[in-house]
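> One structure is given below, represented as C-alpha cells, and several questions about it will come after.
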Amino acid sequence: MKLKISISTRLVFWITLLVCLLFGSVLFVIQSREAAILSEEAEARARLLAESLRDANYQSLFRPDQAAIQKYVYDHIDEDMPYIIFYDRAGRSYVTGELIPGQGDIELGSRLPEDVTRDDPPFSEEKVIQVRGRGLRVREVEIAVFPQNNEDEKWASVKIGMSLEPMYAKLREVQKVLLLIGAGGFLLGIAGATLLARRITRPIHRLVEGTVRISKGDFSQAIAIASRDEVGDLARSFNKMTGQLLHARDRMEDANRKLVQHEKLASIGRMAATIAHEIRNPLTSVKLNIQKVAEEESFAETVKAHLGLSLEGIDQIERFIKELLNFTRVQELSLERWPIEQIVEESLKLLRETLARKKVVVETTYAEGLPQIHVDGDKMRQVFLNVLRNAHEALEAGGKISIVCEPVEEGGKRKARIRISDNGPGIPEKDRENIFEPFFSTKPSGFGVGLANARKIVEQHNGTIRVGKKQGRGSAFVILIPAEEAT
Ligand SMILES: Nc1ncnc2c1ncn2[C@@H]1O[C@H](COP(=O)(O)OP(=O)(O)O)[C@@H](O)[C@H]1O
Ligand SMILES: [Mg+2]
C-alpha cells in the first residue's frame, strides 16, 4: 500500500523548508559580513598599536638605546599583545619581548622585504600561536621605521602580535544572537506554515466531508464554503449538482408514490366496482322489501323499531358503496372559476345542521386579495366537506373549527391557502403518515376514504393537502390550490 501523506503535511514541510533556507542564507550573509567587519577592525587596531609603539620608541631607536626599548617592551606585553619584536635594519631581532618562550620561529627574522618603501603596506597576517598550552589566534603586523630625513631606506621595523580572542568572543556573541533569531524564525516558520496549511486545507477537508456525505446519499446539507477561489468554485458546483440530484430524487420518489397510488387505486377500483355491482342490486331489493314490510300497520312498535334499525344499516352500506365508487372512479374535472369563499361557504351550509346539533362554533377568516381558483366546484366542495366532517367528528360538543383563507406566493406562483383547524384531540404522530391512505380509519364505523378522496381531488388540481402544525390542542389541515389554471 502506498503511504498516504496529507496535503497539509506536505505544505508544512515545504513551506518550513523554504523559510529555513531563506532565513539560513540571510543569517549566513549577515554573519559573514559581521566577521569581515570585525576582522578589518582588528587589523586597523593592530596597525595603530604597531604605529604607536614605533612612535613611542622612535628616539630610542635612532640613539640607539636598547635598554630603554627593552624596558618599554616588557612593560607593554600582556595577554592582549603577547609579543613585540624590534628588528634592526638588516632584519635581525634587536629587542624581543614575548609571552611565548620557545617559539623561535616568531622572532625569526623580519617579514618585510629588504627594499620596503614608505608607501608599501605593512605586513599583516592572522596566525595561531601556543601560549601556556593553548592555541591563541593573533593578528601579526609589522611596520618599517624610516629616518626623518626623507631617506627611503628602512632603519628598523617593529612587529607585534595582537590577540584576536576578544574579536572572536564578540563574533561568537553575534553568532549566538543570530542562532537565536534563526531558531525563532524556524519556530515561527513551522507555526506559520501550519496555520497557512490549515487555512488552505480546511475548505478541502470540508469538501471531502461533503462529497463523502453525498456519496452516502445524504443530500440534505450543502457544503459550506464561501471562499472565492477554485475550492469555492468546486464547492458551488458540487452544491449545484447536489441540488439537482436532490430535485431529481424527489421527483422520482413523487412519481413512484403516484405510480403506486395509481396502481393501488386501480386495483381497489376494480374490486370496489365488482363488489358494488354485486351488492347494490340485491341491497336495493332488500331495502324496498323492508320498507314495504314496515308499512304494515299491525306490527308492534318494537318490530317497527328493529326494521328502522335495519334500514339505517342498509343506508350506511349504501353510503359506503357511494363513497367507494366516488373515490375509485376517475372522472374528468369540469373546471370553472370560483371564488374560494363561495366554495367554503357552500360546504359549510351543507353541514350547518350537523354542526349546530353538536353546538360546534365555526370561525371563518378571508384575507384580502384572495385569488379566484380554477377548479371543479363539486369536487372541491367534497374536499372541504370531508375535512370539515372529520373535524366535526373529532370535536366534543361546543368545540371550535376555524377556517383561514389567504393568498400565498410559492415558487413564484400565486396560490390560495385554506387552513382548517379544530380544537379536538388532534392526530397522534404515528398516524400522520397514514391518514391519507385509503381505508385508514381510527373510528369504529369509519370507512377511511374521506381524506384519501380529498387528497386525490386536490392532487388532480395540482394542489397539496397536508397536516399542518398546530399550537396547542387539536389538528390542522392545510390545503394549497394554485390560482392559475390547473393543467
Ligand atoms: N380533525 C381530525 N382530528 C383528529 N383526527 C382526525 C381528524 N381528521 C382525520 N383524522 C384521523 O384521520 C383518519 C382518517 O380520516 P378519513 O380518511 O376521513 O376516514 P374516517 O373519517 O372514515 O375515519 C380518521 O380516522 C382520524 O383518525
Ligand atoms: Mg372522514
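> Per 5 Å bin, what is the whole-percent P(r) computed from every C-alpha pair distance within region 7-173?
1, 8, 15, 17, 15, 11, 8, 5, 4, 4, 3, 3, 2, 2, 1, 0, 0
> Further, regarding this structure: Note down the magnitude of the dipole of the chain about its Cα centre, charges +1 on Lys and Arg C-beta and -1 on Asp and Glu C-beta and zero elsewhere, to the nearest 20 debye.
2760 debye
> Moving on. For Lys287, go through the lysines and keep the ones whose alpha-carbon is under 21 Å away, minus same-chain ones fewer than eight residues off.
Those lysines meeting the cut-off are Lys304, Lys322.
> In whole Hz, with x marking every Gly and Pro, tabulate ³J(HN,Hα) for region 179-188 from phi via Karplus 6.51 cos²θ - 1.76 cosθ + 1.60, θ = phi - 60°.
5, 4, 4, x, 4, x, x, 4, 4, 4
> Can you sort Ile401, Ile223 so the residue with the fewest Cβ neighbours within 10 Å comes first?
Listed from fewest to most nearby Cβ atoms, that is Ile223, Ile401.
> Turning to a different aspect of this structure: Return the sequence-ordered ³J(HN,Hα) values of region 441-451 in whole Hz as given by the Karplus equation 6.51 cos²θ - 1.76 cosθ + 1.60 applied to θ = phi - 60°, using x for Gly and Pro.
In residue order, the calculated couplings are 8, 9, 9, x, 10, x, 8, x, 10, x, 6 Hz.
> Taking the beta-carbon count within 10 Å as an exposure proxy, list Asp119, Asp254 from fewest neighbours to most.
Listing Asp119, Asp254 from fewest to most nearby Cβ atoms yields Asp119, Asp254.
> How large is the dipole of region 293-439 about the Cα centre if only Lys and Arg carry +1 and Asp and Glu carry -1, each at its Cβ, rounded to the nearest 20 debye?
Numbers: 21 positive and 28 negative charges, 106 e Å.
So the magnitude is around 500 debye.
> When the chain is fully extended, how far beyond the present Cα-Cα distance does Glu278 get from Lys71, taking 0.36 nm per residue of separation? Mind showing how you got there, number by number?
Numbers: separation 207, 0.36 × 207 = 74.52 nm, distance 15.02 nm.
Result for the pair: 59.5 nm of gain on full extension.
> Which loop-located GluC sites (Glu not before Pro) does region 112-205 contain, where loop means any DSSP state but H, G, I, E or B and the Cβ has at most 15 other Cβ atoms within 10 Å? All intermediate terms of the calculation are to be shown ahead of the outcome.
Numbers: sites: Glu114, Glu125, Glu126, Glu140, Glu142, Glu151, Glu153, Glu173; in loops: Glu114, Glu151, Glu153.
For GluC sites (Glu not before Pro) across region 112-205 that sit outside H, G, I, E and B with at most 15 neighbouring Cβ atoms in 10 Å, the list reads Glu114, Glu151, Glu153.
> Out of Leu311, Gly411, Phe447, whose Cα points farthest toward the positive end of the dipole of the chain (charges: +1 Lys, Arg; -1 Asp, Glu; placed on Cβ)?
Leu311
> How many nm separate the modelled label positions at Asp55 and Asp431, each set 7 Å beyond the Cα in the direction of the Cβ?
11.9 nm
> Starting from the 7 Å offset along Cα-to-Cβ, what nm value, one decimal, do you get for the label separation of Leu17 and Phe186?
The answer from the label model is 1.7 nm.
> Length gain on complete extension for the stretch Glu396 to Lys413, per 0.36 nm per residue less the alpha carbon to alpha carbon distance?
Answer, rounded to one decimal: 2.3 nm.
> Can you list residues from other chains, or at least 5 along the same chain, whose modelled amide H is less than 5 Å from the amide H of Tyr94?
So Tyr94 has HN proximity to Phe86, Tyr87, Asp88.
> Take the cross-link list Lys358/Lys400; Lys127/Lys159; Lys379/Lys443 and give me the ones stretching past 18 Å between alpha-carbons.
Lys379/Lys443
> On a 0 to 90 degree scale, rounded to 10, what angle separates helix 340-357 from the longest Cα axis of the chain?
60 degrees
> Enumerate the calculated ³J(HN,Hα) couplings along region 118-125 in order (Karplus 6.51 cos²θ - 1.76 cosθ + 1.60, θ = phi - 60°), each rounded to whole Hz, writing x wherever the residue is Gly or Pro.
4, 7, 5, x, x, 6, 8, 7
> If you don't mind, there's one more thing I want to ask. Would you please give the FRET efficiency between Val404 and Lys359, computed as 1/(1 + (r/R0)^6) with r the Cβ-Cβ distance and R0 = 22 Å, to the nearest 0.05?
Once rounded, the FRET efficiency stands at 0.50.
> For region 140-279, build the charge dipole from Cβ charges (+1 Lys, Arg; -1 Asp, Glu) around the Cα centre, then report which of Leu196, Ile223, Met162 sits farthest towards its positive end.
Result: Ile223.
> A follow-up question, please. Based only on other Cβ atoms within 10 Å, what is the fewest-to-most ordering of Ser60, Ser6?
Ser6, Ser60
> If amide H atoms are built 1.01 Å from N in the plane of the peptide, which residues on other chains or at least 5 residues away come under 5 Å of the amide H of His461?
The answer is none.
> Hey, another quick one. Ignoring everything except DSSP H segments at least 4 long, calculate the 222 nm mean residue ellipticity for the chain; use -39,500 (n - 2.57) per segment, divide by total residues, nearest 500. Present the calculation step by step, with values, prior to reporting the outcome.
Values: 10 runs with 261 residues, N = 487.
The helix contribution divided over the chain gives -19000 deg cm²/dmol.
> Now for a different question. Taking 0.36 nm per residue of separation and subtracting the Cα-Cα distance, what length does fully extending Arg111 through Glu346 add?
Extra length available between Arg111 and Glu346 comes to 71.5 nm.
> Cα axis of helix 7-56 to longest principal axis of the chain: angle in degrees, 0 to 90, nearest 10?
20 degrees
> Counting alpha carbon pairs within less than 8 Å and at least 6 residues apart, what relative contact order, in whole percent, applies to the chain?
That works out to 9 percent.
> Quick one: Debye curve from the C-alpha atoms of region 286-355, no solvent, what's log10 I(q)/I(0) at q = 0.11 Å⁻¹?
-0.54
> Also: Based on the alpha-carbon set only, what is the convex hull volume of region 334-482 divided per residue, in Å³?
Values: hull volume 17.2 nm³, N = 149.
Expressed per residue, the convex hull around the Cα atoms of region 334-482 is 116 Å³.
Any read-out appearing in this document is the output of simple, stated calculations on the displayed coordinates, not a laboratory observation. As the structure is a computational prediction, the values presented were derived from the model and not from experiment. Cβ sites come from the backbone with ideal geometry, for glycine too, and all protein chains shown count toward neighbours.
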